[in-house]
Amino acid sequence: MLSVYEGFFSGGARILHTDVVLGLQEGGQYHRVLSVHGEVLREATRQAMENDTCYRSLTSVGVEVESLGRTFGLPGALASDPARYTGPELAATARAMAGADVILSLKEQPLALLNQAGLPRRPVIVSLHRSDPENQGAALDELEAAIADGTVVACVCCAESTRAAYEAAGIPSEVLHVIPNGVDLLRFKPEAARRARLRADLGIPAAAPVVVFAARYDAMKNVSLFLRAARSWLRATPGGQVLMCGAGMSEGQPGLRADIEDAFGGDLRHADRLRLLGVRRDMEHVYAASDVVALTSAWGEAAPLCLIEGMMCGAVPVTTDVGDSAAIVAGLGFVTPQDPDAVARAWTEAVAARPGLEPALAGSRERFSRTRMIALYAGLIDRVHGVDAVRSPLPEPPLPEPL
């Protein structure tokens, strides 16, 4: 198996896909990874492949990760043409593809590479993780072209909203397969010791209500709505704390600083209880220390990983109605309109409801199991490989010429 990533940078889709690769490798498959970019500047955060948590997770268990070495957004670096690849880049891609029976593409963006002429023919499964194909630029065209010529034989949709959106965009329904997101239940679980340790590290009192927002700094996440809700909630909740995690959720992001000033106006008395934590490698601790996991996205979400991870750690989810979010939190949390006061009131209700929701959250764990998710991926891969082997067997390598 070969997985092709656009790059290693912070985001739920990369975390989820990396966990799938790790699970499939644990199940006996052999996996390699090819990354188009080796380093990027996104959300005002410079992110090198070798420093990424997903990269380290893969290489620590022997998954080979190779990069074409492209960069994006770095000061002084020449931008590579996303539609054109050099001879060495295509040669490296061909070598990686030649050793694979099936290829997984993390989202549709890597298809600009996999659709290049002259590369080995291998069945490709594309993992789709959003519900707004119209906002993916030329990537949707690449997906349609790859399906039309038989390169892409299946698409994994992480949510029903993803399948509906791509079907509406013209992708044939027969190639769209829904495999809901799951998480490692051994890692993401309520744990009093983690809760106490993280709160002690941050200087948060044990009884203080805590809301966590785990997202990258991006317009689709509707950070301004979250911050306006945070101001309203902090004013009404003495001792309440708000944690913001993810790429760009730090003092180094000028857009975020401007958003905070705009949301809080001249009233910054409560802003000291707004903690900017940036990218964290211990999210299971952050979620366990929280009472509410919040999502305020305006579009694009499918099955947000932050909601699932937070719920499995005992935090009550409060989300806007985007993608499959409402279905994910049904009976377990709250859905709000995109209104800051309504969001703030829902956080207060969620804190109060948390003890009563603990049994329902505990009872939902099997539904969000990583084990179930990986078994479904493995079954689809086996079917794709079997069908492809019957329909168009891969050619044997040529015999050496006699001396």
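Here, each number is a calculation from the coordinates, and none is a lab measurement. Predicted, not measured: the structure shown is a model, and the values here were computed from it. Glycine also receives a Cβ, built like all others from the backbone with ideal geometry; neighbour counts cover every protein chain displayed.
A few remarks follow.
- Contact order, relative form, for the range 191-278: 32 percent (alpha carbon pairs under 8 Å, 6 or more residues apart, mean separation divided by residue count).
- The charge dipole of the chain, taken about its Cα centre with unit charges on the Cβ of Lys, Arg, Asp and Glu (plus for the first two, minus for the last two), comes to roughly 1160 debye.
- Take the Cα of residue 81, step 7 Å toward its Cβ, do the same at residue 362, and the gap between the two points is 6.1 nm.
- Whole-angstrom gap from the range 302-357 to the range 240-285, using each part's C-alpha centre: 20 Å
- Label-point separation, residue 48 to residue 197 (7 Å along Cα→Cβ), nm: 2.8 nm
- Cα→Cβ-extended label distance, 7 Å offset, between residue 372 and residue 95, nm: 4.2 nm
- Quarter the surface of the alpha carbon convex hull of the range 192-363 and you get the mean projected area, 8.8 square nanometres.
- Among the trypsin sites (Lys or Arg not before Pro) found in the range 79-174, those both in a DSSP coil and sparsely packed, with 15 or fewer other Cβ atoms within 10 Å of their Cβ, are 84, 121.
- Taking every C-alpha pair closer than 8 Å and separated by at least 6 residues, the mean separation divided by the residue count of the range 192-363 gives a relative contact order of 25 percent.
- Theoretical FRET efficiency, 1/(1+(r/R0)^6), r = Cβ-Cβ of residue 59 and residue 272, R0 45 Å, to 0.05: 0.70
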